[in-house]
Amino acid sequence: MVDVMNPENIPYLISDQQTPTTVMADPLTEAQQEMLLKFKERLPSLINPDVTAHDDAAFCDDPCLKRYLRATKWNLEHSVKRLEATLKWRREFQPHKITLDSMMTEGATGKLHINGFDMQNHPILHLVPCKENTNDSEGHLKHVVFNLESAIKLLPVGVEKFVILVDLRNISARNIVSIGDAKAVNDVLSSHYVERVKSIFLCEAPWIFSGFFRVVSPLLDPVTKEKINFVNIKHIKQETVPSGYAKLSNYIDLKYIYKDFGGDNPFTFVKESYFNQLRTVLENAVDPKQ
């Protein structure tokens, strides 16, 4: 029987670090405050008032509007257009209504899970492609969106973004994500989770991944590309790393880096333990209105 209370099976879903003040958004200039006010004045024409079916009003808080303005370099019309597209997608996809229980099959292997925080207190989403266990493209996307929404609920106060860490060990032609699925996830992430990704770490990329990345890379927007870092486990505790690589321990404390990555975290994904913990933390999460 699995010991669901074994400390090695319990993820870090609540940070024990203090959020650096450098993470906090800079105060708005007078011009930016005026732009935000004008954006808010446009909301009545964008928001669907049916709160039983949609979460438009809750979604469109001030931090959300500021993220869209930052993403468009404070172009009001572009921001309105992008937000309108996101609200249309949210009404159709209903991300806020995806339940943990409905994700138990997709999430059974831990192929995507939340555990730990980087040094600026951004939650870490771990993607492990070799643990793929279904071939349902719609289910894959729902599972990704559920985890994005969960990570947002777990954001410490003052933090708006999360980190994505991709463990590329043991991937093969059998379990590598399809181009179609990768494009669908990228479209949702870049279009509807605006200003939410802090960094992406691609860890231990094998030769088979290079061909896949060449195909996918042109589909990525320039902002996302700039956030991608390649990581080699053997560099974790080295003083310097070769050009083109990032030293993971410069971004994430060793206590949050898994032991098989050279860190100190003994975590092993166990379905029952992980989902019990996630359910408890999500049920007690206070909406920080990031």
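What follows is calculated from the coordinates using simple rules that are stated; it is not laboratory data. These numbers were taken from a predicted model, which means no experiment stands behind them. Using ideal geometry, Cβ is built from the backbone for each residue, glycine included, and neighbour counts are taken over all protein chains shown.
Just from the alpha-carbon atoms, what are the Rg and Dmax of segment 161-290 in angstroms?
Expressed in Å, the Cα Rg and Dmax of segment 161-290 come to 16.4, 43.
Please give, to one decimal in nm, the separation of the simple spin-label points placed at residue 260 and residue 221, each 7 Å out from Cα toward the Cβ.
Using points 7 Å along Cα→Cβ, the separation is 3.5 nm.
What share of all Cα pairs of segment 206-272, in percent, falls into each consecutive 5 Å distance bin?
Histogram of Cα-Cα distances, whole percents per bin: 3, 14, 19, 18, 18, 17, 10, 2, 0.
Which three numbers, in whole Å and largest first, are the semi-axes of the equivalent ellipsoid of segment 7-136 derived from its Cα gyration tensor as √(5λ)?
Those come to 33, 23, 13 Å.
By how many nm would the segment from residue 240 to residue 108 grow when fully extended, if each residue of separation counts as 0.36 nm and the alpha-carbon distance is taken off?
Between residue 240 and residue 108, full extension yields 43.8 nm more.
Within a 10 angstrom radius of the beta carbon, how do 96, 143 rank from fewest other beta carbons to most?
The most exposed by this proxy come first: 96, 143.
Note the direction-averaged projected area, equal to a quarter of the hull surface, for the Cα convex hull of segment 62-174, in nm².
Over all viewing directions, segment 62-174 projects a mean Cα-hull area of 8.7 nm².
Run the quick spin-label model on residue 271 and residue 119: label points 7 Å from Cα toward the beta carbon, then report their separation in nm to one decimal.
Between residue 271 and residue 119, the label points sit 3.8 nm apart.
Would you please state the base-10 log of I(q)/I(0) at q = 0.11, 0.13, 0.20, 0.21 1/Å for segment 30-95, with intensities from the Debye formula using one equal scatterer on every alpha carbon?
-0.23, -0.33, -0.74, -0.81
Suppose only helical runs count, i.e. DSSP H with n ≥ 4. What mean residue ellipticity at 222 nm does that imply for the chain under -39500 (n - 2.57) per run, divided by all residues and rounded to the nearest 500 deg cm²/dmol? Display every interim value, and only then the final one.
Numbers: 9 runs with 105 residues, N = 290.
Value at 222 nm, helices only: -11000 deg cm²/dmol.
May I ask for the distance between the Cα centers of segment 20-46 and segment 218-267, given as a whole number of Å?
Centre-to-centre distance over Cα atoms comes out at 33 Å.
HN-Hα J couplings of segment 167-175 from phi, Karplus 6.51/-1.76/1.60, θ = phi - 60°, integer Hz, Gly and Pro as x?
For segment 167-175, the Karplus curve yields 8, 9, 5, 6, 6, 8, 4, 6, 10 Hz.
Per residue, what volume in Å³ does the convex hull of the Cα atoms of the chain enclose?
145
DSSP H helices in the chain with Cα extent of 30 Å or more along the helix axis and mean Kyte-Doolittle hydropathy at least 0.0?
none
For residue 210 and residue 22, what is the calculated FRET efficiency with R₀ set at 41 Å and r taken between the beta-carbons, to the nearest 0.05?
Efficiency, from the Cβ-Cβ distance: 0.75.
How long is the gain from residue 41 to residue 174 if the chain were fully straight, where each residue apart is worth 0.36 nm and the alpha carbon distance is subtracted?
The span from residue 41 to residue 174 would gain 42.8 nm if fully extended.
Give the average over all directions of the projected area of the C-alpha convex hull of segment 148-216, one decimal, in nm².
Taking a quarter of the hull surface, the average projection is 5.3 nm².
Going by how many other Cβ atoms sit within 10 Å of their own, how do 207, 89 line up, fewest first?
207, 89
Exposure proxy check: 243, 191 ranked by fewest other beta carbons within 10 Å?
If I rank by nearby Cβ atoms, fewest first, I get 243, 191.
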